[in-house]
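To start, the structure itself, in C-alpha cells.
The values are calculated or read from the model by the stated rules, or taken from the named source; none is laboratory data. For clarity, every value in this text was computed on a predicted model and none was experimentally measured. Just the protein is used for accessible areas: all its heavy atoms, side chains included, with ligands, DNA and RNA removed. Shrake-Rupley method; radii C 1.70, N 1.55, O 1.52, S 1.80 Å.
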Amino acid sequence: MRSDRIGMIPPSSAPGGHTLGITLTAGTSITGTITGSVSAEEGVIFAKAKETVGASIAVSMTASVSYSDTWKVPSSWREGYLHAGADRKVMNWDVGHYGANCKWVISRKGVAKFPYHIPAFWHSKG
C-alpha cells in the first residue's frame, strides 16, 4: 500500500517570492417546511362559498466551515504550485483461485484508491 494525493480543484501558481493561498468551503443546508391551509370567504360573488388554499413556508439554515492554507514560493524557484485535495491510500488487488499444481490463477485485478484525509494542502515546484 502506498499514499498519494488527489486534487479537488486546480492548483494556484505564482513565481518565486510570491505568496499563494487557497480556501475551501464546505457547507450543508437544512430545510424545514411548515404546511397548512387557509380559508377565505367569497361573499361578494358566491354567497357563503369558501375557498381553501394550501400554503407552505420553508425555513432554511446553512452551516459552513472554511479550510485554508497559504505558502510562500521560495525565491529561488521559477514557479510554485499550491494544491488542495485529499490524501489517499492506494493498493493493488486481485481475485483468483488455486489451479493445477496449487498455483494461484488471477481472474481479475485492479487498483483501489481510498481518500482518508480531506482537505489536504501541499505544494510542488514548477
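In this structure the amide hydrogen of residue 8, modeled in the peptide plane, comes within under 5 Å of the amide hydrogens of 84, 85, 86, none closer than 5 places in sequence on its chain.
Surface composition of region 60-99: carbon and sulfur make up 50 percent of the accessible area, probe 1.4 Å. Protein heavy-atom accessible surface, 1.4 Å probe, per residue over region 72-126: 71 Å².
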